[in-house]
Amino acid sequence: MSRLDAFLAGFEFRTATPTYSPGDELTAIVTGRDGDDAVIRIGDTVLRLPGAADDVTVDEEARVRVTSFDEGSATGEAELR
């Protein structure tokens, strides 16, 4: 293994559109509202929290569980934990 290979071992690029699976739990910042829904944006990925606009405020950290996710459009829905 060369020094360059050793230096770059484990190095990988992050994607701008992370994907999630139903049941995944994460902590994220609520970035906006759309009607009755709160919205979380992580890179280009958007998670909607249906009906949660009154339960959280924008710029608040929230613990959520993903309920559905479409990798093609990098969008999904989640619920507050």
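Under 5 Å from the amide H of ILE42 lie the amide H atoms of LEU47, each residue being 5 or more positions distant or on a separate chain, with H modelled from the backbone and absent for Pro and chain starts.
Note on SER2 and ASP59: with the Förster distance fixed at 30 Å, the Cβ-Cβ geometry gives a FRET efficiency of about 0.05. Residues SER2, SER73, arranged from fewest to most other Cβ atoms within 10 angstrom of their Cβ, appear as SER2, SER73.
Just how large is the dipole of the chain about the Cα centre, in debye to the nearest 20, putting +1 at every Lys and Arg Cβ and -1 at every Asp and Glu Cβ?
Working: 8 positive and 17 negative charges, 75 e Å.
So the dipole magnitude of the chain works out to roughly 360 debye.
Out of every Cα-Cα pair in the chain, what percent are more than 18 Å apart? That tail contains 45 percent of the Cα-Cα pairs.
The string of couplings for the stretch 4-15 from the Karplus curve (6.51, -1.76, 1.60, θ = phi - 60°) is 5, 4, 5, 5, 8, 4, x, 7, 8, 7, 7, 8 Hz, one whole number per residue in order, with x for Gly and Pro. Here the 3J(HN,Hα) profile of the stretch 64-81, calculated from phi with Karplus coefficients 6.51, -1.76 and 1.60 at θ = phi - 60°, is 10, 10, 5, 9, 7, 8, 10, 5, x, 9, 6, 10, x, 10, 9, 10, 5, 9 Hz, Gly and Pro shown as x.
Most tightly packed first, judged by the mean number of other beta-carbon atoms within 10 Å of their residues, the peptides 8-17, 27-36, 43-52, 61-70 read 43-52, 61-70, 27-36, 8-17.
Every number in this text was worked out from the coordinates using simple rules, so none of it is lab data. Note that the structure is predicted; figures quoted are calculated from it, not measured. Note that each Cβ is placed from the backbone with ideal geometry, even for glycine, and that neighbours are counted across all protein chains shown.
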